[in-house]
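Everything on this sheet refers to the single structure shown next.
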Amino acid sequence: MAITITSLILLLLSSAFCQVSCNATGPKASPEFSAILFFGDSILDTGNNNHIETPLKANFYPYGQDFPGHVSTGRFSNGKLITDMIASKLGIRDTVPAFLEPGLDDKELVTGANFASAGSGYDDLTSLTTNVIPFSKQLDLFKDYIARLKRFVGEKGAAKIIGGALVYVHSGTNDWNFNYYVLPTRRLQFDVNGYRDFLQNRTKYFIKELYDLGCRTFIVNGLPPIGCLLFNIQARLKNPKMFGKCLDDENADSQLYNAKLEKLLLHLQANLPGSKILYADFYNLVFDMINNPKKYGFVETKKACCGSTELGLSLLCDPKAPKCQNPWQFIFWDYIHPSQAVYEYLTTYLEKTVFPKLLM
């Protein structure tokens, strides 16, 4: 009888301890996803452009100098991209492979893949000049991914993975840069309002296509302050002394675009049952970094860490040109892409501001 009473007391104490522990734990800090899927441009591309015929590649030094192993993987950064950081913060994996990477094992596809291509945009015309992967082709690659997943885990398993995945989309900057501002291809066809509406119709179509293929949870980035990108400033301002000033008209276009995009995403979520479609605003944070660099530990905002402007317009790093000694103090790694340090701040913003909404 004594043993029975002792056992009962221990059981009650154990139950009480468990209840206190569970209550103390509270809600989960991060949402849980079965996989993560990336679509977009060079901000997300982890190496797809390495495997296509295009001049837009980052598989050479000094790209990747601060990446683990100091490897030039095709990421347009001195180190990791926001792609890697998001996947790591969510506990999915440390890095997400480029879908076109040769020899990519089916086991790796279970936790997602990256379909982004540097130089691409919502507008397929944007991809033609540099022969990169347009969004229509990224959709085709995703369909190939689904087919491979079905062969590996079965139809039900694939549907569960895709339905439980987070889809992350970053695009639009190249459309404005290479089809409107720097090159006037679409400017001959649309005014600013017309091109914005055209791009956002493409965005709507793209998200609906992914939804029809089984995706349910999305984060979609707005535009950065395009008028503060060094490449854009070079293209517009011929006097090097003016290079530190952002282009107000392009920034105003970005802000209006973002306001319209946020409303569009809310409308899409309301009309796609079971979906969660969140807007991520990088504009304000990046603009603040550029205008208040010391607040974030940055020193240089008017120059890129690598690249040269001696021969006119510069976009990517020149392996032969000098580079800075401390990229962590630079906002820009090359003349259009941020340094890894910027991506770390952007990831923290997502973690604090956007990820909690995924739990609601």
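Checking 62, 134 one by one, the residue that is in contact with a helix residue (DSSP H, G or I) (Cβ under 8 Å, 6 or more places away or on another chain), within 27 Å of residue 346 (Cβ to Cβ) and surrounded by 15 or more Cβ atoms within 10 Å (Cβ to Cβ) is 134 and no other. Summed over segment 117-130, the residues that are among the aliphatic types (A, V, I, L, M) and within 17 Å of residue 55 (Cβ to Cβ) give a count of 2. Looking at the structure I just gave you, is residue 72 of a type in the set (S, T, N, Q), over 30 Å from residue 186 (Cα atoms), more than 17 Å from the chain's Cα centre (by Cα) and at pLDDT 95 or above? Considered against the rule, which asks whether it is of a type in the set (S, T, N, Q), over 30 Å from residue 186 (Cα atoms), more than 17 Å from the chain's Cα centre (by Cα) and at pLDDT 95 or above, residue 72 comes out as yes. When the residues of segment 225-250 are narrowed to those that are outside any helix (DSSP H, G or I) and aliphatic (A, V, I, L, M), which ends up modelled with the lowest pLDDT? Only one residue fits best here, namely 237.
For residue 105, the conditions (1) in contact (Cβ under 8 Å) with a residue 24 or more places away in the chain; (2) among the acidic types (Asp, Glu); (3) out of contact with any helix residue (DSSP H, G or I) (no Cβ under 7 Å at 6 or more places or on another chain) are fulfilled apart from (1). Only one of the listed residues (301, 348) is free of Cβ contacts under 8 Å to residues at least 40 places away in the same chain, of a type in the set (S, T, N, Q) and surrounded by 13 or more Cβ atoms within 10 Å (Cβ to Cβ). That residue is 348. Restricting segment 28-50 to residues that are assigned to a loop (DSSP other than H, G, I, E, B), at pLDDT 95 or above and not polar (S, T, N, Q) leaves a set whose member that is surrounded by the most Cβ atoms within 10 Å (Cβ to Cβ) is 45.
Using the structure shown, decide if residue 270 is of a type outside the set (D, E, K, R), within 30 Å of residue 197 (Cβ to Cβ) and without any contact (Cβ under 8 Å) to a residue 40 or more places away in the chain. Considered against the rule, which asks whether it is of a type outside the set (D, E, K, R), within 30 Å of residue 197 (Cβ to Cβ) and without any contact (Cβ under 8 Å) to a residue 40 or more places away in the chain, residue 270 comes out as yes.
Going by what's in this entry, would residue 319 be described as at pLDDT 95 or above and surrounded by fewer than 20 Cβ atoms within 10 Å (Cβ to Cβ)? For residue 319, the condition - at pLDDT 95 or above and surrounded by fewer than 20 Cβ atoms within 10 Å (Cβ to Cβ) - is not met.
Kindly indicate whether any position in segment 253-264 is assigned to a loop (DSSP other than H, G, I, E, B), touching a residue at least 24 places away in the same chain (Cβ under 8 Å) and of a type outside the set (Lys, Arg). No: segment 253-264 contains no residue that is assigned to a loop (DSSP other than H, G, I, E, B), touching a residue at least 24 places away in the same chain (Cβ under 8 Å) and of a type outside the set (Lys, Arg).
For segment 65-89, the tally of residues that are surrounded by fewer than 18 Cβ atoms within 10 Å (Cβ to Cβ) and touching a residue at least 24 places away in the same chain (Cβ under 8 Å) stands at 2. Taken across segment 113-128, residues that are over 14 Å from the mean Cα position of the chain (by Cα) and on the phi > 0 side of the Ramachandran plot do not occur at all. Remark: pairs (first residue in segment 24-37, among the acidic types (Asp, Glu); second residue at pLDDT 90 or above; Cβ separation under 8 Å; 6+ apart in sequence or on different chains) = 32/90; 32/91. In segment 159-172, the residues that are within 11 Å of residue 222 (Cβ to Cβ) form Cβ pairs under 7 Å with partners that are aliphatic (A, V, I, L, M) and in a helix (DSSP H, G or I), at six or more places apart or across chains, as follows: 172/199. Residue 95 falls short on exactly one of the conditions (1) at pLDDT below 95; (2) over 19 Å from the mean Cα position of the chain (by Cα), and that condition is (2).
Restricting segment 188-203 to residues that are surrounded by fewer than 16 Cβ atoms within 10 Å (Cβ to Cβ) and charged (D, E, K, R) leaves a set whose member that is nearest to residue 230 (Cα to Cα) is 191. Filtering segment 209-223 to residues that are outside any helix (DSSP H, G or I), under 16 Å from residue 138 (Cα atoms) and among the aliphatic types (A, V, I, L, M) leaves 213, 220.
The values are calculated or read from the model by the stated rules, or taken from the named source; none is laboratory data. Source: prediction; values computed, not measured. Using ideal geometry, Cβ is built from the backbone for each residue, glycine included, and neighbour counts are taken over all protein chains shown.
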